[in-house]
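Notes follow the structure.
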Protein chains: 2
Amino acid sequence: MGSPWKAISDGNRRKILMLLKKKDMNPTAIAKHFDFTLPGLSAHLRILKDANLVIERKQGQHVLYSLNKKGSVEMIRFFVNVWGYEINSPKSIPL
Amino acid sequence: MGSPWKAISDGNRRKILMLLKKKDMNPTAIAKHFDFTLPGLSAHLRILKDANLVIERKQGQHVLYSLNKKGSVEMIRFFVNVWGYEINSPKSIPL
DNA sequence: AAAATACTTAAATATCTAATTAATTAAATT
DNA sequence: AATTTAATTAATTAGATATTTAAGTATTTT
């Protein structure tokens with residue numbers, strides 16, 4: 001289980017998350033939005049997956065990636081604790 | 001202006017922020033909570049300061065550090081945009 | 001079954017980051 | 001004025017991170 005903080009500290013990975021917010025995508029489709037190679041992207045996706053920030057599911061030959069809220073909870077909790085942000089999500093986020 | 005994401009990605013720096021939440025502190029006092037040296041801590045504080053996550057003010061021979069909410073806003077905004085968290089801060093955080 | 005497509009893993013490398021010791025600046029105390 | 005205390009800057013080093021090319025695995029198509 002990798003650190004979500006390390007995962008999200010990279011600008012390219014944050015951009016990947018922004019893309020996945022709009023719709024689930026496979027690596028090849030995601031890669032079109034970046035300058036680096038597919039293996040490079042694959043490494044980023046693995047880091048996001050290990051941090052529970054994305055989920056992958058196989059669809060035949062393709063692999064679809066989608067957002068996973070789980071890994072974000074620990075981070076939100078930190079913002080609540082340190083800066084006093086108040087979150088409206090009594091159910092989904094146990095703080 | 002350094003990246004708040006990079007600043008917060010380090011566990012020691014997050015611990016510093018947790019300490020400053022309780023009370024304002026100077027580098028020597030903060031350093032007692034860690035294993036590394038004062039110059040090491042000084043580097044961490046500079047990174048937090050450059051990211052607008054802390055503020056420093058001189059008090060004679062001492063330098064007091066305290067939390068700065070400013071640098072956290074960009075990050076919270078990301079959580080709102082990507083994972084749909086809802087924040088209760090209509091005034092302080094323009095989303 | 002051969003070829004093409006989609007993706008990951010491996011190996012190598014260049015850059016970034018965190019930490020240390022030594023030197024420097026500045027304020028308070030003796 | 002000399003010394004102690006507080007903190008930062010500089011130079012160095014070890015380890016982590018991002019990226020590339022080349023090789024490998026799996027699925028679909030011909």
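State all residues of the range B:50-95 that are among the small types (Gly, Ala, Ser), at pLDDT below 95 and surrounded by 15 or more Cβ atoms within 10 Å (Cβ to Cβ); if no residue qualifies, say none.
Once the filter is applied, which keeps residues that are among the small types (Gly, Ala, Ser), at pLDDT below 95 and surrounded by 15 or more Cβ atoms within 10 Å (Cβ to Cβ), the range B:50-95 yields only B:Ser89.
Can you tell me which residues in the range A:1-17 are more than 7 Å from every other protein chain (Cβ to nearest Cβ), more than 10 Å from DNA strand D (Cβ to nearest atom) and part of a helix (DSSP H, G or I)?
Answer for the range A:1-17, where residues must be more than 7 Å from every other protein chain (Cβ to nearest Cβ), more than 10 Å from DNA strand D (Cβ to nearest atom) and part of a helix (DSSP H, G or I): A:Pro4, A:Lys15, A:Ile16.
Take the residues of the range A:20-58 that are out of contact with any helix residue (DSSP H, G or I) (no Cβ under 6 Å at 6 or more places or on another chain) and within 12 Å of chain B (Cβ to nearest Cβ): which is farthest from DNA strand C (Cβ to nearest atom)?
Ranking the candidates gives A:Lys22 first.
List every residue pair whose Cβ atoms sit under 8 Å apart, with the two residues 6 or more apart in sequence or on different chains, where the first one lies in the range B:43-56 and is more than 11 Å from DNA strand D (Cβ to nearest atom) and the second, anywhere, is part of a loop (DSSP other than H, G, I, E, B).
B:Ala51/B:Met1; B:Ala51/B:Gly2; B:Ala51/B:Ser3; B:Asn52/B:Met1; B:Asn52/B:Asn68; B:Leu53/B:Asn68; B:Ile55/B:Asn68
Just a yes or no: is a residue in the range B:49-68 over 28 Å from A:Asn88 (Cα atoms) and assigned to a helix (DSSP H, G or I)? Don't jump to the end; show me each part of the working.
Initially, the range B:49-68 is screened for residues over 28 Å from A:Asn88 (Cα atoms), giving B:49-50, B:55-65.
In the following step, the residues that additionally are assigned to a helix (DSSP H, G or I) were identified as B:49-50.
Scanning the range B:49-68, I find at least one residue that is over 28 Å from A:Asn88 (Cα atoms) and assigned to a helix (DSSP H, G or I), so the answer is yes.
The values are calculated or read from the model by the stated rules, or taken from the named source; none is laboratory data. Predicted model, so just to flag it, every value in this text is computed and none were measured. Methodologically, a virtual Cβ is constructed for each residue, glycine included, from the backbone with ideal geometry; neighbour enumeration extends over all protein chains shown.
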